[in-house]
1. I need to check one value: relative contact order of chain B, counting alpha carbon pairs closer than 8 Å and at least 6 residues apart, in percent.
2. Just want the ordering: A:Tyr35, A:Tyr89, from fewest to most Cβ atoms lying within 10 Å of their own Cβ.
3. Most exposed first by the Cβ proxy, i.e. fewest other Cβ within 10 Å, how do B:Glu56, A:Glu72 rank?
4. Residue by residue through B:29-41, how many Cβ atoms from other chains fall within 10 Å of the Cβ on average?
5. When the label point is put 7 Å from the Cα of B:Ala29 along its Cα-to-beta-carbon vector, which residues of the range B:60-80 have a backbone N closer than 20 Å?
6. Starting from the Cα of A:Met41, step 7 Å along the direction of its Cβ; do the same at B:Ile7; then give the gap between the two resulting points in nm.
7. Using Cα springs under 10 Å in a Gaussian network model of chain B, which residue among B:Gly60, B:Gly16, B:Gly98 shows the largest mean-square fluctuation?
8. Could you sort out which of A:Lys9/B:Lys111; A:Lys9/B:Lys99; A:Lys14/B:Lys42 sit more than 27 Å apart by Cα distance in this structure?
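What follows is calculated from the coordinates using simple rules that are stated; it is not laboratory data. Note that the structure is predicted; figures quoted are calculated from it, not measured. So basically every Cβ, Gly included, is an ideal-geometry build from the backbone, and we count neighbours across all protein chains shown.
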Amino acid sequence: NAGVTQTPKFQVLKTGQSMTLQCAQDMNHEYMSWYRQDPGMGLRLIHYSVGAGITDQGEVPNGYNVSRSTTEDFPLRLLSAAPSQTSVYFCASSSFPLGQGPKRTQYFGPGTRLTVL
Amino acid sequence: KQEVTQIPAALSVPEGENLVLNCSFTDSAIYNLQWFRQDPGKGLTSLLLIQSSQREQTSGRLNASLDKSSGRSTLYIAASQPGDSATYLCAVNPSNTGKLIFGQGTTLQVKP
C-alpha cells in the first residue's frame with residue numbers, strides 16, 4: 001500500500017491564483033481530512049469527509065473548497081490564494097468510525113509546502 | 001472550546017536520559033488521545049493511542065498515560081537516543097469523528 005499520497009510537495013503561488021492540492025489513499029478509508037500546520041500553532045482542521053459525497057467544515061475552512069467524488073481522493077482547492085494561506089498542508093485518512101487495533105489511528109500524508117507571494 | 005497545550009515547546013537532553021513530555025487539555029470529555037511523531041519536513045506518524053477508558057499504553061521504550069479528570073497526558077521515553085530527536089505532538093479526539101485537536105508540539109533534541 002502507498003498509504004496517503006499528496007501532490008505537489010512544494011508550490012509557490014501569487015496572490016489571487018487558484019490551485020488544487022491533491023490527496024489520495026489506497027486503504028479504503030471512509031474518513032479523510034485536511035489540516036494546515038503553521039509555526040507555533042500546531043495542526044488545525046480545514047475540512048473533512050466521512051465518505052464519498054459527504055464533506056463538512058473544520059476549524060479554519062474560509063478560502064478553501066473540497067469535494068469527495070470517490071473514496072480514494074479528497075482534493076483541496078484554494079479559490080483565490082492569499083499570503084495568509086502560506087502553510088504546510090497535511091491530508092489524513094482513517095477508518096470511520098475509528099475501529100480497533102491498527103485501524104484506530106489516522107494516517108498522514110507527507111505534506112504540501114505552499115508559499116503565497 | 002477544547003484547547004490542547006504542550007509544554008515545553010523545546011527540550012534538549014543527553015543521550016540515555018529518561019524524559020517526560022506533557023500534554024494538557026481543557027475539556028475532559030474526550031474519546032481518545034494520540035501521540036504523534038513528526039520528523040523535519042515529514043508527515044506525522046502515530047506512536048500511541050489511548051482510549052478514554054484506558055490509563056496508559058506502551059510501545060517499546062514509549063509509555064503514554066492519560067488522566068482525564070485532570071486533563072493531562074504524558075509521553076514517557078526511556079533511555080533516549082539521538083534517533084528520538086523529532087517533534088512530538090499530542091492530539092485529542094473529542095467524539096470519535098476523527099476531528100483531531102492538536103497541541104503545538106514539543107521539539108526534542110537528544111544529544112549524543
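1. Across chain B, relative contact order equals 37 percent.
2. Ordered from fewest to most neighbouring Cβ atoms within 10 Å, A:Tyr35, A:Tyr89 come out as A:Tyr89, A:Tyr35.
3. In increasing order of surrounding Cβ atoms, one gets B:Glu56, A:Glu72.
4. Details: counts 0, 0, 2, 3, 0, 3, 0, 4, 0, 5, 0, 0, 5.
The per-residue average across the peptide is 2.
5. Those under the cut-off are B:67-73.
6. Between A:Met41 and B:Ile7, the label points sit 2.3 nm apart.
7. Largest GNM mean-square fluctuation: B:Gly60.
8. On the way: A:Lys9/B:Lys111 30 Å; A:Lys9/B:Lys99 24 Å; A:Lys14/B:Lys42 25 Å.
In this structure, A:Lys9/B:Lys111 lie more than 27 Å apart at Cα.
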